[in-house]
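Have a look at the structure below before the remarks.
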Amino acid sequence: MSDMMRYCGKRALVTGLSLEPGHVYKIDPLERKYGREGFWVEITDGESRCTRPYDNADAFLANWEMAEPPVNVALNLPSSGR
């Protein structure tokens, strides 16, 4: 399951992908474990991708929040093509 999430951490360069606060990225959880409670995620901006470990869910949620879809997408309305 992948989610569109907004990065709210500090600006970071992670293996070729620049994470900018306020930008939305696609997040895919990976099956790999990181330590005892940790996990890895794949982050992509549509052009570049990287993988990043997190020690636990709290560490992940300290840097990410769910991105709100645009109103016309949330309501499933067609966009105007003007």
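Each reported figure results from applying straightforward, stated rules to the coordinates on display, with no laboratory input. Worth saying up front: this structure is predicted, and the values here are computed from it rather than measured. Here the Cβ is made from the backbone with ideal geometry for all residues, glycine too, and neighbour counts use every protein chain on show.
Tabulated data
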read-out: Residue-wise HN-Hα coupling along the stretch 25-33, computed from phi with Karplus coefficients 6.51, -1.76, 1.60 (Hz; x: Gly, Pro); value: 10, 8, 10, 10, x, 9, 6, 5, 8
read-out: Where labels lie 7 Å past Cα in the beta-carbon direction, separation of Ala67 and Met4 in nm; value: 0.6 nm
